[in-house]
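Undergrad: Take a look at the following structure, please.
Bear in mind that the values in this text are calculations on the coordinates, not laboratory data. Computed from a predicted model, the values in this text were never measured in an experiment. As a convention, Cβ positions derive from the backbone with ideal geometry for all residues, glycine included, and neighbour counts pool all protein chains shown.
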Amino acid sequence: MTNFVINSDYNKFKEVFLLENSKLNLISKNDEKFLYEKHFFDSLSLKLFIEKYDIKSATILDIGTGGGFPSIPLAMEYPNFKIDAVDSIQKKINAVLRMADNLGLKNLTLINSRVESIKDKKYDLIVSRAVAKIDKMVEYSYPLLDKKGYIVLYKSLIVNEELDNAKYIIRKYHLKIHPLIEYKLPLEENYTRNLVILEKQNG
């Protein structure tokens, strides 16, 4: 199992996030106990992909950012990456915007929209966590993916059925399926997760 080092100030993030969560319930009160393990750490598992594929800088789109995952932890960890985060729910976007301001994040832009409405933008990397199944995420992502760009989706251990169901759409767009990156959340229970990696093969 591959490990990674987190350089961001989690305590500062926790303070800012819990303030917003008290107003809006971005995650459940029970999940607040596992904010680091299930949300912050999980968001930053993308480091396993970034380091394996030696990505030094990137433009990133986070589809369905919700309470700011993975966009805020990634913006904290990678100040040289330019990150856009889209969500159709205005209240959530406003909350994430306040968190970004309080954390002094200059590399994070919030977009209140449906992803299908984004035009004339291309990204090196499109990520999404707990939004939709792989086939739907490919449909959302492909029009916004730059040449040789990647779609990276955070998924549970049981991902093979989703991949099987998405094979037609993956072939349609000539995407290359890379080996899954498996990791575990730092919990007593066995929470095994996967990063699904799809690469654009043509212009």
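Undergrad: Based only on other Cβ atoms within 10 Å, what is the fewest-to-most ordering of Asp164, Asp54?
TA: So the residues, fewest neighbours to most, are Asp54, Asp164.
Undergrad: I've got another one for you. Using only Cα atoms, tell me the angle between helix 90-103 and the longest principal axis of the chain; keep it within 0 to 90° and round to the nearest 10.
TA: Value to nearest ten degrees: 70.
Undergrad: Take Leu185, Leu44, Leu105, Leu61 and order them by how many other Cβ atoms sit within 10 Å, fewest up front. Write down the numbers at each step before the final one.
TA: Details: Leu185 17, Leu44 23, Leu105 20, Leu61 29.
Placing the least packed residue first, the sequence is Leu185, Leu105, Leu44, Leu61.
Undergrad: Taking 2.2 N^0.38 Å as the expected size of a compact globular protein, what ratio does the Cα radius of gyration of the chain give against it, to two decimals?
TA: Working: Rg = 16.1 Å, N = 203, 2.2 N^0.38 = 16.6 Å.
The reported ratio for this selection is 0.97.
Undergrad: Which one, Ile181, Ile50, Ile63, has the greatest fluctuation when you compute a Gaussian network model over the chain with C-alpha springs under 10 angstrom?
TA: Of the options given, Ile50 has the highest mean-square fluctuation.
Undergrad: If I take every Cα pair under 8 Å that is 6 or more residues apart in the range 148-203, average their sequence separation and divide by the length, what percent do I get for the relative contact order? Could the numbers behind the result be given before it?
TA: On the way: 82 pairs, mean separation 29.1, N = 56.
Answer for the range 148-203 is 52 percent.
Undergrad: If you don't mind, there's one more thing I want to ask. By how many nm would the segment from Asn30 to Asn165 grow when fully extended, if each residue of separation counts as 0.36 nm and the alpha-carbon distance is taken off?
TA: Values: separation 135, 0.36 × 135 = 48.60 nm, distance 3.28 nm.
Gain on stretching Asn30 to Asn165: 45.3 nm.
Undergrad: Label points 7 Å out from Cα along the Cβ direction at Ser113 and Asn7: separation in nm?
TA: Distance between the two pseudo-spin positions: 3.1 nm.
Undergrad: Modelled label-to-label distance, Asp54 and Asn94, 7 Å Cα→beta-carbon offset: nm?
TA: Here the modelled spin labels are 4.7 nm apart.
Undergrad: In the structure shown, do any of Lys29/Lys122; Lys119/Lys184; Lys92/Lys119; Lys23/Lys176; Lys91/Lys136; Lys33/Lys106 have a Cα-Cα gap over 31 Å, and if so which? Walk me through the numbers on the way to the answer.
TA: On the way: Lys29/Lys122 36 Å; Lys119/Lys184 36 Å; Lys92/Lys119 22 Å; Lys23/Lys176 42 Å; Lys91/Lys136 24 Å; Lys33/Lys106 28 Å.
Over 31 Å Cα-Cα: Lys29/Lys122; Lys119/Lys184; Lys23/Lys176.
Undergrad: When the Cα atoms of the range 51-168 are enclosed in a convex hull and the volume is divided per residue, what value in Å³ results?
TA: Numbers: hull volume 13.3 nm³, N = 118.
Normalising the Cα hull of the range 51-168 by residue number yields 113 Å³.
Undergrad: Still on this structure, I have one more. With each run of n ≥ 4 DSSP H residues scored as -39500 (n - 2.57), what mean residue ellipticity at 222 nm is computed for the chain after dividing by its residue count and rounding to the nearest 500 deg cm²/dmol?
TA: -9000 deg cm²/dmol
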